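Here the structure is laid out as C-alpha cells; the discussion comes afterwards.
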Amino acid sequence: MEKTLTIIKPDATERDLLGHILNRFEKAGFKIVEMKMMNLSKDEAGRFYEVHKERPFYGELTDYMSSGPIVPIVLEKDNAIADLRLLIGATDPAEAASGTLRDEVGMDKGRNSVHASDSLESAAIEIPFFFG
Ligand code: IDP
Ligand code: MG
C-alpha cells in the first residue's frame, strides 16, 4: 500500500468543504490514516513549498497557505500518489478535467482547494513534514 500527502487548503476549509472533500477521498478508495487541522505560519508555508522559492508566485502562495486553517491528511491506497493526482486534476481549475476535485470546487490557479504529493520522493518529504 502506498501513502501520499494531501492538504485541504484554506479556500476549502473557509467554504466548509471539508466533509465533501473527505467523502470524495473515501469514495475513491483512499483510506484516511492520519489527519489534523492546523494553521501554518508564513515561514512554515515557505518551508513546505521550498521547491517553488524561485517562482514568481512564491510570495502569494505562502501568504495564501498561511491565511487560514488547513487540513493535512495521509491517504493510503494502491497507487495512491498517481491516483490522487488524477482525482484532484490540473493545477488550474479552469484546465482541470471534468469531475476532478479542482474542477468541482477550485477557485483559481492559487486557490485550488487541495494539494497532493507529485511523486514518491515528494511524499517521503511531505508526510514527515506534518506527521513526524
Ligand atoms: P500542484 O499543486 O498542482 O502540484 P504546483 O505547480 O506544484 O502545482 O504549484 C504549487 C501550488 O502553487 C499550486 O497548487 C497553487 O496553489 C500555487 N500556484 C501554482 N501556480 C500558480 C500561479 O501561477 N499563481 C498563483 N499560485 C500558483
Ligand atoms: Mg506540486
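Throughout, read-outs are computed from the coordinates displayed, never taken from laboratory work. Predicted model, so just to flag it, every value in this text is computed and none were measured. FYI the Cβ positions are ideal-geometry reconstructions off the backbone, even for glycines, and counts take in every protein chain you see.
Of the GluC sites (Glu not before Pro) in the range 1-74, which ones lie in a loop per DSSP and count no more than 14 other C-beta atoms within 10 Å?
Those that pass, being in a loop and sparsely packed, are E54.
Take the chain, compute every pairwise Cα distance, and split them into 10 Å bins from 0; I just need the percent in each bin.
13, 47, 37, 3
Mind giving me the nanometre distance, one decimal, between the label points for V33 and L120, set 7 Å out from Cα along Cα→Cβ?
Reported label-point gap for V33 and L120 is 1.5 nm.
Reachable lysines from K109, Cα under 20 Å, same-chain residues fewer than 8 places away excluded?
Excluding near neighbours in sequence, the set is K9, K42, K53.
Where a Cα-Cα gap under 25 Å defines reach, which lysines qualify for K3, not counting those fewer than 8 residues away within the same chain?
The qualifying lysines are K27, K31, K36, K77.
Place +1 on the Cβ of every Lys and Arg and -1 on the Cβ of every Asp and Glu in the chain, take the dipole about the Cα centre, and give the residue among G68, S98, N79 whose Cα lies farthest towards its positive end.
Result: G68, furthest along the dipole toward the positive end.
Pop the C-beta distance of E26 and E54 into the FRET formula with R0 = 41 Å and round what comes out to the nearest 0.05.
According to the calculation, E is roughly 0.65.
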